[in-house]
Amino acid sequence: MRPGGGPPRAPPRRAGLHPPPHADVLVVAGRAEHLPWCEGVLYIAPRDAAPALWLPTTQRPQLPLDLLQRALERRHRPSPLLMLREPAQLMPLHRALPASDELIAQIRARWQD
């Protein structure tokens, strides 16, 4: 039982999701089984050859990934980093926070303005 009575609540579907703050792109990081499947969404993931470099799962740069990761790490700290082709952006992912009710409300307000 939870305080106030009633059965305990199941954790929300967003448990395990972590959206890092960003002004232009909405990114939600989490384990594959926690992510919803949505038509038209760009899915990203790190690669074995460059675990600190996150890329769209449908794209692969022409450069060797380990060399690209090392070059980016020299110029852009901290990591991990997300590299997007469209819109062309390099985005740090280290500040991802758990998707709490308050954080979701902040994101919703930001994107509805």
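The values are calculated or read from the model by the stated rules, or taken from the named source; none is laboratory data. Quick caveat, the model's predicted, so the values are computed rather than measured. So basically every Cβ, Gly included, is an ideal-geometry build from the backbone, and we count neighbours across all protein chains shown. The area values use the complete protein model at the heavy-atom level, side chains included, leaving out ligands, DNA and RNA. Shrake-Rupley method; radii C 1.70, N 1.55, O 1.52, S 1.80 Å.
Please work out how much length the chain gains when fully extended from Ala105 to Arg74, using 0.36 nm per residue of separation minus the C-alpha to C-alpha distance, in nm with one decimal.
7.6 nm
Where does each of Asp48, Asp101 land when they are ordered by accessible area, with a 1.4 Å probe and the largest first? Let's see the in-between values first.
On the way: Asp48 155, Asp101 100 Å².
Ranking Asp48, Asp101 by accessible area, largest first, yields Asp48, Asp101.
Please sort 53-66, 28-41 by packing, taking for each peptide the average over its residues of neighbouring beta carbons within 10 angstrom, highest first.
53-66, 28-41
For Met91, Met83, give me the order by solvent-accessible area with a 1.4 Å probe, most accessible first, ignoring ligands, DNA and RNA.
Output order, biggest surface exposure first: Met83, Met91.
If the chain between Ala49 and Gln112 were fully stretched, how many nm would it gain, using 0.36 nm times the residue separation less the Cα-Cα distance?
18.9 nm
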